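First the structure, in the form of structure tokens, and then the observations on it.
The values are calculated or read from the model by the stated rules, or taken from the named source; none is laboratory data. This structure is a prediction, so every number in the text was calculated from the model and none was measured. Virtual Cβ from ideal backbone geometry, glycine too; neighbours counted across all protein chains shown.
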Amino acid sequence: MDKDFFIYTGTSMHPTFRTGDILYIDKNTKIVSGDVVVFCLNAKRKIVHRIIKIGKTGIMAQGDNNRFLDNFVINKSSIIGKVIYVKRNNKKIKVYNGKIGLVYFYLLRMRKKILYLCSYSMQRLKRFF
């Protein structure tokens with residue numbers, strides 16, 4: 001197994017990853033929907049997102065914290081590898097990939113919507129008190 005690491009920055013994969021997390025990548029593994037991958041967008045920019053769909057024309061991905069799918073298609077050749085675990089505060093945490101990864105992704109989406117609705121409802125209730 002060819003493993004490498006990558007230091008994560010940004011917010012698109014929050015709460016799965018936080019800036020400064022060390023992501024350990026497996027470069028020699030099959031990629032399926034639900035996997036978190038590191039890929040090259042161009043020569044200078046690497047992105048970490050979750051694969052949502054693999055189609056005939058390419059791969060669609062989205063950050064766990066992003067509202068919409070990426071507005072570009074990923075080619076298999078631009079994928080560096082799959083993130084298998086993250087090291088944060090000297091603790092090694094397994095990353096949910098595959099079908100479990102997709103379930104995790106959709107649960108995060110529902111959680112975000114519920115928190116938004118609760119916040120919105122509380123703001124409306126405060127008007128009456």
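Restricting attention to the stretch 5-37, report how many residues are within 11 Å of the chain's Cα centre (by Cα) and of a type in the set (A, V, I, L, M, F, W, C).
Total meeting the criteria: 4.
What number of residues within the stretch 42-64 satisfy the criterion of being of a type outside the set (A, V, I, L, M, F, W, C), surrounded by fewer than 17 Cβ atoms within 10 Å (Cβ to Cβ) and closer than 22 Å to I7 by Cα?
4
Give the residue that is farthest from K27 (Cα to Cα), with candidates limited to residues of the stretch 67-82 that are in contact with a strand residue (DSSP E or B) (Cβ under 6 Å, 6 or more places away or on another chain) and among the small types (G, A, S).
To start, the set of residues in the stretch 67-82 that are in contact with a strand residue (DSSP E or B) (Cβ under 6 Å, 6 or more places away or on another chain) comprises 69-70, 74, 78-82.
Cutting the leftovers down to among the small types (G, A, S) gives us 78, 81.
Values: S78: 12, G81: 4 Å.
Checking each candidate, the answer is S78.
Quick grid of which residues meet (1) basic (K, R); (2) out of contact with any Lys or Arg (no Cβ under 8 Å at 6 or more places or on another chain); (3) within 19 Å of K27 (Cα to Cα):
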site: I84; (1), (2), (3): no, no, yes
site: R88; (1), (2), (3): yes, no, no
site: M110; (1), (2), (3): no, yes, no
site: I114; (1), (2), (3): no, yes, no
site: C118; (1), (2), (3): no, yes, no
site: Q123; (1), (2), (3): no, yes, no
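Here are some residues: G63, G55. Which one is without any contact (Cβ under 8 Å) to a residue 24 or more places away in the chain and either small (G, A, S) or in contact with a helix residue (DSSP H, G or I) (Cβ under 6 Å, 6 or more places away or on another chain) (or both)?
Going through G63, G55 in turn, just one is without any contact (Cβ under 8 Å) to a residue 24 or more places away in the chain and either small (G, A, S) or in contact with a helix residue (DSSP H, G or I) (Cβ under 6 Å, 6 or more places away or on another chain) (or both): G55.
Could you list all residues from the stretch 88-101 that are out of contact with any Phe, Trp or Tyr (no Cβ under 7 Å at 6 or more places or on another chain), surrounded by 11 or more Cβ atoms within 10 Å (Cβ to Cβ) and closer than 17 Å to T19 by Cα?
Selection gives R88 alone.
Please determine, by comparing only the residues of the stretch 7-42 that are touching a residue at least 60 places away in the same chain (Cβ under 8 Å) and of a type in the set (A, V, I, L, M, F, W, C), which one is nearest to Y96 (Cα to Cα).
My answer is V36.
Which one of Y104, Y116 is at pLDDT below 95 and either under 23 Å from G20 (Cα atoms) or touching a strand residue (DSSP E or B) at 6+ places or on another chain (Cβ under 6 Å) (or both)?
On the way: Y116 fails: either under 23 Å from G20 (Cα atoms) or touching a strand residue (DSSP E or B) at 6+ places or on another chain (Cβ under 6 Å) (or both).
None of the others qualify; the one that does is Y104.
Read through the list (1) out of contact with any helix residue (DSSP H, G or I) (no Cβ under 6 Å at 6 or more places or on another chain); (2) under 17 Å from F5 (Cα atoms); (3) aromatic (F, W, Y), then give the number of the only condition that F39 fails.
Every listed condition holds for F39 apart from (1).
If you scan the stretch 62-104, which residues turn out to be over 16 Å from H14 (Cβ atoms), polar (S, T, N, Q) and under 12 Å from the mean Cα position of the chain (by Cα)?
Passing the criteria: only N97.
Just to be sure I understand, how many residues within the stretch 82-105 are assigned to a loop (DSSP other than H, G, I, E, B) and touching a residue at least 24 places away in the same chain (Cβ under 8 Å)?
First, the residues of the stretch 82-105 that are assigned to a loop (DSSP other than H, G, I, E, B): 89-90, 95-97.
This time we only want the ones that are touching a residue at least 24 places away in the same chain (Cβ under 8 Å), so: 95-97.
Qualifying residue count for the region: 3.
How about the stretch 1-36: which of its residues are of a type in the set (A, V, I, L, M), touching a helix residue (DSSP H, G or I) at 6+ places or on another chain (Cβ under 8 Å) and surrounded by 16 or more Cβ atoms within 10 Å (Cβ to Cβ)?
I31, V36, listed by residue number.
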